[in-house]
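Only one structure is covered here, and it is reproduced in the block below.
The values are calculated or read from the model by the stated rules, or taken from the named source; none is laboratory data. Owing to the predicted nature of the structure, the values given are computational and were not obtained by experimental measurement. Don't worry about glycine lacking a Cβ; one is built from the backbone with ideal geometry, like all the others, and counts go over all protein chains shown. Ligands, DNA and RNA are stripped out before the accessible areas are found, and what is left, the full protein with its side chains, is counted by its heavy atoms. Shrake-Rupley method; radii C 1.70, N 1.55, O 1.52, S 1.80 Å.
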Amino acid sequence: MFRYKWLGIWGLLLCLMVAVPAQGQEGNGVGCEQSRVIFLLERLEGATCEELLALHDGGIGWGVLMQAGVVGEVTSADWRALVAAHGDDGVGWGQIGRAYALAERLGDESITAEMLLGWHGEGLGWGQIRHAHALSEEVGMEIEEAVALFAEGQGWGEIRRELGLPPGPPPWAGNPNGRGNGASPGGGNGGGQGNGRNN
């Protein structure tokens, strides 16, 4: 909830930044005294005026720089890495934010957001990537190996059998028959009828 509040504040600031005319801008020139540059310098850690101007002259818009700051603040990622990721193959900010958040949540320093974005770009869904991580943790293999097995077209059940794991649901799947027990901690009246797949 707190993170989303910051996104709202950053979004408002971004709108103001775009709406406020640049001060100190002569014709099409841009300088260090321009309000947008000053605004970004205050928010992008370690940025210099020359760096921002060079990025902008290279075709990176002020909005992209601002969005990198927003996503970087929410995910604790470096804004420079985010700008680079956004420029690669037109990856959207939502996917970038999700990859950085997932990399952080997995808690494995060998798994980078760039790796996750690469797998996602190759067609793996975020859930499939989480499954590969859980399986790799369960059997002590590298996540790349689990991703490769899945990319070969095998299902998670087939992969478990191939690895000699007992049949049944992996730790991430919950109840394989899709039926809950109807119990809820709050005393609710859940019927326990899900639609899970038994694989």
Dipole magnitude of the range 107-170, debye to nearest 20 (Cβ charges: Lys/Arg +1, Asp/Glu -1, about Cα centre): 320
For the range 43-101, convex hull volume per residue from C-alpha positions, Å³: 70
Probe 1.4 Å - accessible area at Trp93, Å² to nearest ten: 50
For the range 29-153, the spread of Cα positions along each principal axis, largest first, Å: 56, 24, 18
Separation of the Asp78 and Glu137 label points, Cα + 7 Å toward Cβ, nm: 2.7
